[in-house]
Amino acid sequence: MSSKPLTLAEKLWRDHLVLKGENGAPDLLYIDLHLIHEVTSPQAFDGLRLAGRDVRRRDLTIATEDHNTPTQDIHLPIVDATSRAQVQALRDNTREFDIRIHSLGDKNQGIVHVVGPQLGLTMPGLTVVCGDSHTSTHGAFGALAMGIGTSEVEHVLATQTLPLQRFKTMAINVEGTLRKGVSAKDIILAVISKISTGGGQGYVLEYRGSAIRALSMEGRMTICNMSIEAGARAGIIAPDQITFDYLKDKPHAPQGADWDQALKDWSELTTDHDAVFDAEVFIDADTLDPFVTWGTNPGQGVSLMDSIPDPDSFDDPSQKAAAIKALAYMDLKAGTKMKDIAVDTVFLGSCTNARIEDLRAAADIIRGQVMAPGIRMMVVPGSQKVRLQAEEEGLDKVFVDFGADWRFAGCSMCLGMNPDQLAPGERAASTSNRNFEGRQGKGARTHLVSPMVAAATAIRGTLSAPSDLEQ
Amino acid sequence: MEKVTQFTGTGMPLKISNVDTDQIIPAVFLKRITKTGFEDGLFANWRQNPDFVLNNPSFQGAEVLVAGSDFGTGSSREHAVWALRDYGFKAVFSSKFADIFLGNSGKQGLIAGVITDADTETLWEQIDADPAAKITVDLPSQEIRVNDVVIRFGIDEYTKWRLTEGLDDIGITLQSEDAIAAYEAKRESWKPKTLPAKGV
């Protein structure tokens, strides 16, 4: 029997096929893990009640509170009444349907995409969904992980499956060695800038090459996390020894014979050498600089060593119009050096960059340094567990000595659903994932950066690379 | 779900590309736990500009939104579709949609049709020339008809069938209970379970 060579994503699709769609109907795929948070689930639970349906697999479902939760005074009731009601609705719904939940104050509470991996629930070979576009994060483990809408959340709760149209595959080849001060965040910002915010539409992106293989799990999660910013259905990285080592002692990692069988199955989760991708992109890691955004979508980025591009330099009229609109909103002029842009706030957090390694990278740069005058820095760990680990390592002290706010876990200023927001006109260097208009607060201006660039920027007050501190 | 086949209404030109779902409905409106009444959140920040197209009296009551490319990018919030629907839009056309937005539209009976950039320009011209021009959107034939212009739009066959029949996705899937149970019976034992809870 000869079988067609497949990419990793195609193998995962094949392995989860419950029913093959006929006559243009989508395939029905089984979902191994369903993550839930308070924002996109209340209407799904309402739908279940209305139809008299139950949750099919409580044992494949887990909830946490992250978007609305405050990052200080967490022992007090949530001040904003609508936020409090939404969190309460999740608590009520998970109690009624008997679903595991990690609430504010619990050490496993935190951003849903940090919690899944830290519990060892995210692992290779799974399908993972969540009513959150950054579910693509979990692809870092060699899982097919997708963000879904609320109707689909209800669908998965009721059936543990999803009807899905087939995707195309794109290889993102990143070869070479990152220089000091350059990280996973810079790779993904460069990728999105290259293929644009719509370039990945309909595709699952597989990140490959020596620079990807060299990344830790945290770095890989940062990259897969922002696949959605290129419009992709998902992002994925083949599992390897780094993945297995990360998982080995996690609470929900397979044990004994299951671990051995899992390793055997996982070792087959690679793209066949003769498989063909529908599209390929190449990025040179050797020459990559820290990458930052200047505009109002994540594709509007440049090297930190460059200047803001002239809108006239874009051939595509809609891109040119978008650039003009973005510069007006950002209050920036073409030709300005990125390093001359002064910021008011530095935000270190979000499902993109709030894992322990991100906090360590930033702390290593600011240790013993002085914050630039007038800067506010907020550090929000991705989960309570990350916070506790950082405190064990003394990182909290580094941040506090530097003058930063050391907060409790949550999505925080990435989208400002809780009180952590920028004021109108305020400018931030942010390790989050979206620089959309008003994303971090009405009228707020966002530059997406890596944790290392965030740290260097807090010291100098203008967008800065770690290497600028050595001069 | 109600059947969606054909309707006639007026149009609104949204001459902006890369309209992300944070613009369609800002996060502050996502705190609600209801599924209706999101019309006040639609383009809430942009609406504060009196020159924004939603504030133009000529386009009041429009049911057809014609937007620039890359519509609905970013966050997965289905609230973006609810806001468009609650405001009164029955169809949105663009040369490119983000995948999750497209999926969400199909679940809520909002027609999201793909047209070429040239056809987008044509529709904008037609609407600008006469904001009261009647636009007919016909799902079965996948046609947009305005004055003498006929434009074909793309929509995947399955979504079209489901919308025209008014079928509920979950109901369809539950008919495959046997296949789901059979799949579950052969799932690998190493696959994780959230219960009993570990690491707590």
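For this structure, a couple of remarks:
- Taking θ as phi - 60° and the Karplus parameters 6.51, -1.76 and 1.60, the scalar couplings of region A:173-186 work out to 8, 10, 10, x, 10, 5, 7, 4, x, 10, 9, 3, 4, 5 Hz in sequence order, x denoting glycine and proline.
- Inter-part distance where region A:407-467 and region B:162-199 are each reduced to a Cα centre, Å: 39
- Scalar couplings 3J(HN,Hα) for region B:147-156, obtained by applying the Karplus form with A = 6.51, B = -1.76, C = 1.60 to θ = phi - 60°, are 6, 9, 8, 10, 10, 8, 10, x, 7, 6 Hz; x denotes Gly and Pro.
- Within chain B, percent of DSSP bridges classed antiparallel, to nearest 5: 50
- The calculated 222 nm mean residue ellipticity attributable to helices in chain B amounts to -8500 deg cm²/dmol, summing -39500 (n - 2.57) over DSSP H runs of n ≥ 4 and dividing by all residues.
- Placing unit charges on the Cβ atoms of the charged side chains and taking the dipole of region A:1-136 about its Cα centre, the candidate lying farthest along the positive direction among A:L33, A:T135, A:G125 is A:G125.
- Counts of other chain beta carbons within 10 angstrom of each beta carbon in peptide B:129-142 average 0.
- Taking a point 7 Å from the Cα of A:E391 along the Cα-to-Cβ direction, the residues of region A:408-435 with backbone N closer than 14 Å to it are A:408-409.
- Rough spin-label spacing in nm, given labels placed 7 Å along Cα→Cβ, for B:Q48 and B:A118: 4.1
- Note on region A:1-148: antiparallel DSSP beta bridges, both residues inside, total approximately 15 percent of the bridges counted.
- Principal-axis analysis of the Cα atoms of chain B puts helix B:117-129 at an angle of about 50° to the longest axis.
- Projecting the Cα atoms of A:Q421, A:W406, A:T457 onto the charge dipole of region A:369-471, computed from C-beta unit charges around the Cα centre, puts A:Q421 farthest toward the positive end.
- For chain A, share of DSSP beta bridges that run antiparallel, in % to the nearest 5: 25
- Cross-link partners for A:K339 among the lysines, with Cα-Cα distance under 20 Å and sequence neighbours closer than 8 places in the same chain left out: A:K180, A:K185.
- Charge dipole (debye, nearest 20) of chain A; +1 at Cβ of Lys and Arg, -1 at Cβ of Asp and Glu: 460
- Taking amide H atoms as placed 1.01 Å from N in the peptide plane, the amide H of A:G438 lies under 5 Å from those of A:G443, A:A444, each 5 or more residues away in sequence or on another chain.
- Residues whose amide H falls under 5 Å from that of A:G147, counting only those 5 or more places apart or on a different chain, are A:T135, A:S136, with hydrogens built in the peptide plane.
- Spatially proximal lysines relative to B:K3 (Cα-Cα < 21 Å; intrachain offsets below 8 disregarded): B:K35, B:K90, B:K107, B:K160
- Computed magnitude of the charge dipole of region A:1-70 (debye, nearest 20; Cβ of K, R +1, Cβ of D, E -1): 320
- Taken residue by residue and averaged, Cβ atoms of other chains lying within 10 Å of the Cβ of B:15-21 number 6.
- GNM on chain B, alpha-carbon springs under 10 angstrom: the most fluctuating residue among B:K186, B:K107, B:K160 is B:K186.
- Rounded to the nearest 20 debye, dipole of region B:138-199 from Cβ charges on Lys, Arg, Asp, Glu: 520
- Whole-angstrom gap from region A:27-103 to region B:6-58, using each part's C-alpha centre: 27
- Sequence-distant residues sharing a close amide H with A:G301 (under 5 Å, placed H): A:W294
- Partners of B:K198 within straight-line reach, counting lysines whose Cα lies under 22 Å from its Cα and excluding those fewer than 8 residues away in the same chain: A:K107, A:K248, A:K250, A:K385.
- Accessible-area rank, largest first, for A:D46, B:D20, B:D117: B:D117, A:D46, B:D20, with all protein chains present and a 1.4 angstrom probe.
- Other protein chain Cβ atoms within 10 Å, averaged over every residue that makes up B:101-107: 4
The values are calculated or read from the model by the stated rules, or taken from the named source; none is laboratory data. Owing to the predicted nature of the structure, the values given are computational and were not obtained by experimental measurement. Cβ atoms come from the backbone with ideal geometry, glycine included; neighbour counts cover every protein chain shown. Note: areas computed on protein heavy atoms with side chains; ligands, DNA, RNA excluded. Shrake-Rupley method; radii C 1.70, N 1.55, O 1.52, S 1.80 Å.
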